[in-house]
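Since the structure comes first, as C-alpha cells, the remarks are kept for the end.
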Amino acid sequence: MATVEANYDGLVGLTHNYGGLSAGNLASARNVGQVSRPREGALQGLAKMKRLHDAGLVQGVLPPHERPFLPLLRGAGFSGTDSHIIEETATHAPALLKAASSSAFMWAANAATISPSGDTRDGRLHASAANLTTMLHRSIEGPQTTRSLRAAFPDETRFAIHAPLPMQESFGDEGAANHVRLCADHGETGVEIFVHGRLSGFEPGLKFPARQTLMANEALARRHGLNADRTVYARQAPATIEAGAFHNDVVCVGAKTCLFFHEHAFADTEQVKTDIRRAAKDLFEPQFEIVCEDDVPLRDAITSYLFNSMLVEMPNEARLVLIAPAECRETPSVARHCEKLVAGNGPIGRVDFVDVRQSMRNGGGPACLRLRVVLSDAERAGANPDMLLDDALYAKLTGWVKRHYREALAPADLADPHLLSEGQEALDALCAIMGLGSGFYPFQQM
Ligand code: SUG
C-alpha cells in the first residue's frame, strides 16, 4: 500500500445549534436563532464519511467535545451543581451559555495543522492543535482536540502531536483551514502553503476579524521542522475577508499539484504563484486553476461554498474529484462553472455533490468537516484502528446518533439542564464504542 491522504471528520455534536457566534461568517449570522436539527446534522456528516470510505479512501472519526462546557462557566464565576450553573448562566449570561454550548468542534479543518512526515526534519508526522483564539466559543476546543489527536495517533516515535500555540491573539491559529499542501504524490516531499489574514496583533480598520496570523504560521512551520525552501506564506486579500471569507478555505482548496482558488483569494496572486513555483522547483509543476470574478462572482463563491469542497484523488481516477456542497448546484454561476471544469482538460475531472446543509448553515462545508492526514503505510498501521471508519463503526455510530441526539434544538433549549446529562450519557456510550477509555472527557475525570 502506498502513502494515502486520510480524512478525519469531526462528528457533529449533540448541541449543534445556530448561535450566530462568528462575526464575519455570513451563514452563521444569517441563520442565527433558527431551530437546528442535531440528529440530521450528525447523520449528514456520517453519510459523507461513509461515502468516502466506500469510495476506497481512509476515513477517520474525531469524537464530539463535551457541551455545554462547564469548565468555561465555572471559570466565569458560576458555581454549585451542574444544573444550577446552567440555570444561572441561562438567566444572567445567555451569550456565555451559547458559547459554551457550541458544536463548532465539528469543523475538523480547524482542529489542527498537519505536516506529513515527508516534509519534516525528524521524519515524524507533526500536528498542532489550533488555539482558535479569535472566537470565544472556539477557544475552548484546543485541549480536547489535543486529546483526540493523541488518541488517534498514539505512537510518539511516528507522530508528534503539539498542544496549541500560546493563547494570545498574536498567535491566532485556526488550523488547516488556512494551510494547503501541494505535492507530486502524497508520499513525496511537498510544498506547504500557510495563509494569514493579519501579521500578528490587532489591525484596525477591518469590519470582520482576520483570524489567522503570520506569526502563528511561522511558529507552526518552525515547530513542525519544515524546510524553509519548501514553505510559502501568503496573505488573504483583506477585501475578501470583508466579503465573508473568514478562512482561506472559503476561497481556495488544493490537492496534489493543483491549487484551485478564486481570483480575489490572495492579496497578491502573482507573488503567490511565483513563490509556489519556486518552492516546488525540482518536485513538480504547480497547476493553478483560477476562477475569475466574471465566471463566478466572489459573492456566489461564498454563498455556495464552491471552494469549501473537498478536492480528492480517488483510486483509479486520473483526475481529481471535487466533492462540493449541494448548494453549488443551486447557484447558477457555480453550477455552470462546475460543468465547465469537468468538460475541460484541467486537473479536476469530476464534481460530486453532498448534502451537509445543517453544517452549511453555520458556515461549514464539506471541507470544513474534515482534517486531512497524509499517512504512510507504517503510520497508518500505527494509527488507532478504533477511530477509523468501517462498515461496523458506521452502523454503530448511526445507531448511537439515533439513540442519543435530539431531533430539533431551539435557542431556548440551551437552558435545559437535561441537555448536559443527555450529552454526558451519550459521550460515555461513545467512549465504549470507540475504545476511548474513561477519562477521555473532563466530566469523566470529576
Ligand atoms: O468558525 N462556524 C464556524 C465555521 C467554521 C468553518 N470552517 C472552515 N471554513 N474551515 C466558524 O465560524 C458558527 C457557530 C454559531 O454561530 O453557532 C461557527 O462557529
Open item on the list: Restricting to DSSP H runs of at least four residues, report the calculated mean residue ellipticity at 222 nm for the chain, -39500 (n - 2.57) per run over all residues, nearest 500 deg cm²/dmol.
Closed with: -9500 deg cm²/dmol
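Counting every Cα pair in the range 80-128, what percent are over 12 Å apart?
Working: 851 of 1176 pairs.
That tail contains 72 percent of the Cα-Cα pairs.
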Open item on the list: Could you tell me the relative contact order of the chain? Use alpha-carbon pairs under 8 Å, at least six residues apart, and round to a whole percent.
Closed with: 23 percent
Open item on the list: If I model a spin label at residue 167 and residue 326 as a point 7 Å from the Cα along the Cα→Cβ vector, what separation in nanometres do I get?
Closed with: 3.9 nm
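How many percent of DSSP beta bridges within the range 191-350 run antiparallel, rounded to 5?
Values: 8 of 21 bridges.
Among the beta bridges of the range 191-350, antiparallel pairing accounts for roughly 40 percent.
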- [ ] Sketch the reach of a paramagnetic label on residue 206 as a point 7 Å from Cα along Cα-to-Cβ, and name the residues of the range 240-257 whose backbone nitrogen lies under 15 Å away.
- [x] 240-251
Task: Computed Rg/Rh of the range 405-446, alpha carbon atoms with Kirkwood Rh - done: 1.05
Task: Inter-label distance, nm, simple model (7 Å from Cα along the C-beta direction), residue 350/residue 51 - done: 1.2 nm
Open item on the list: What are the ³J(HN,Hα) couplings of the range 310-326, residue after residue, when phi is run through the Karplus curve with 6.51, -1.76, 1.60 and θ = phi - 60°? Round to Hz, x for glycine and proline.
Closed with: 7, 10, 10, 8, 9, x, 6, 10, 6, 9, 6, 10, 9, 9, 9, x, 4
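Using only the Cα atoms of the range 266-327, build the gyration tensor, take square roots of its eigenvalues as a ≥ b ≥ c, and label the shape rounded, prolate or oblate: rounded if a/c is under 1.5, else prolate if a/b is larger than b/c, else oblate.
Details: a/c = 2.87, a/b = 1.18, b/c = 2.44.
Because a/c hits 1.5 or more and a/b fails to exceed b/c, the range 266-327 counts as oblate.
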Task: Rotationally averaged projected area of the range 321-362 (alpha carbon convex hull; nm²) - done: 3.0 nm²
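When the chain is fully extended, how far beyond the present Cα-Cα distance does residue 402 get from residue 199, taking 0.36 nm per residue of separation? Don't skip to the answer; put the middle values down first.
Working: separation 203, 0.36 × 203 = 73.08 nm, distance 4.48 nm.
Between residue 402 and residue 199, full extension yields an extra 68.6 nm.
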Open item on the list: Taking every DSSP beta bridge with both residues inside the chain, roughly what % is antiparallel (nearest 5)?
Closed with: 50 percent
Task: For the range 1-83, the fraction of alpha-carbon pairs in successive 5 Å shells from zero, as % - done: 3, 12, 14, 16, 18, 15, 11, 6, 4, 2, 0
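Restricting to Cα atoms and excluding each atom paired with itself, what does the Kirkwood estimate give for the chain in Å?
In the chain this quantity evaluates to 21.8 Å.
Count neighbours as other Cβ atoms within 10 Å of each site's Cβ, and list the trypsin sites (Lys or Arg not before Pro) in the range 98-131 that are DSSP loop with at most 15 such neighbours. Each step should come with its number before you reach the end.
Details: sites: 98, 121, 124; in loops: 121, 124.
Qualifying residues, ordered by number: 121.
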- [ ] State the dimensionless ratio Rg/Rh of the range 222-295 (Rg: radius of gyration of Cα atoms; Rh: Kirkwood radius).
- [x] 0.98
TODO: Can you work out the accessible area per residue across the chain, with the rest of the protein chains kept in place, probe 1.4 Å, in square angstrom?
DONE: 37 Å²
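For the range 355-446, what class follows from the C-alpha gyration tensor (a ≥ b ≥ c being the square roots of its eigenvalues): rounded when a/c is under 1.5, otherwise prolate if a/b is larger than b/c, else oblate?
Values: a/c = 2.02, a/b = 1.32, b/c = 1.53.
Oblate shape, in that a/c is at least 1.5 and b/c is the bigger or equal ratio.
Compute the FRET efficiency between residue 76 and residue 413 as 1/(1 + (r/R0)^6), taking r as their Cβ-Cβ distance and R0 = 25 Å, and round to the nearest 0.05. Could the numbers behind the result be given before it?
Working: r = 21 Å, r/R0 = 0.84.
Computed FRET efficiency for residue 76 and residue 413 comes out at 0.75.
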Task: Along principal axes, Cα extents of the range 1-158, largest first, whole Å - done: 56, 32, 30
- [ ] Just need log10 I(q)/I(0) for the range 169-283 at q = 0.11, 0.16, 0.21 Å⁻¹, Debye formula, equal scatterers on the alpha-carbon atoms, no solvent, rounded to two decimals.
- [x] -0.33, -0.69, -1.17
Task: Efficiency of FRET from Cβ geometry, residue 421 and residue 318, R₀ 45 Å, rounded to 0.05 - done: 0.30
- [ ] Once you've got the Cα coordinates, tell me which of 281/340; 48/340; 207/256; 50/273 are over 27 Å apart.
- [x] 281/340; 207/256; 50/273
- [ ] Starting from the Cα of residue 282, step 7 Å along the direction of its Cβ; do the same at residue 35; then give the gap between the two resulting points in nm.
- [x] 6.3 nm
Task: Rg followed by Dmax, in Å, when the range 339-393 is reduced to its Cα trace - done: 16.2, 41
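Roughly what % of Cα-Cα distances in the range 94-227 sit above 25 Å, to the whole percent?
Details: 2286 of 8911 pairs.
Counting every Cα pair in the range 94-227, those more than 25 Å apart make up 26 percent.
How compact is the range 290-387 by the rule of thumb for globular proteins, expressed as Cα Rg over 2.2 N^0.38 Å?
On the way: Rg = 15.3 Å, N = 98, 2.2 N^0.38 = 12.6 Å.
The range 290-387 yields a ratio of 1.22.
The values are calculated or read from the model by the stated rules, or taken from the named source; none is laboratory data. Model, not experiment: these values are computed from the prediction. FYI the Cβ positions are ideal-geometry reconstructions off the backbone, even for glycines, and counts take in every protein chain you see. When the accessible area is computed, the model is the full protein with side chains, heavy atoms only, and any ligands, DNA or RNA have been set aside. Shrake-Rupley method; radii C 1.70, N 1.55, O 1.52, S 1.80 Å.
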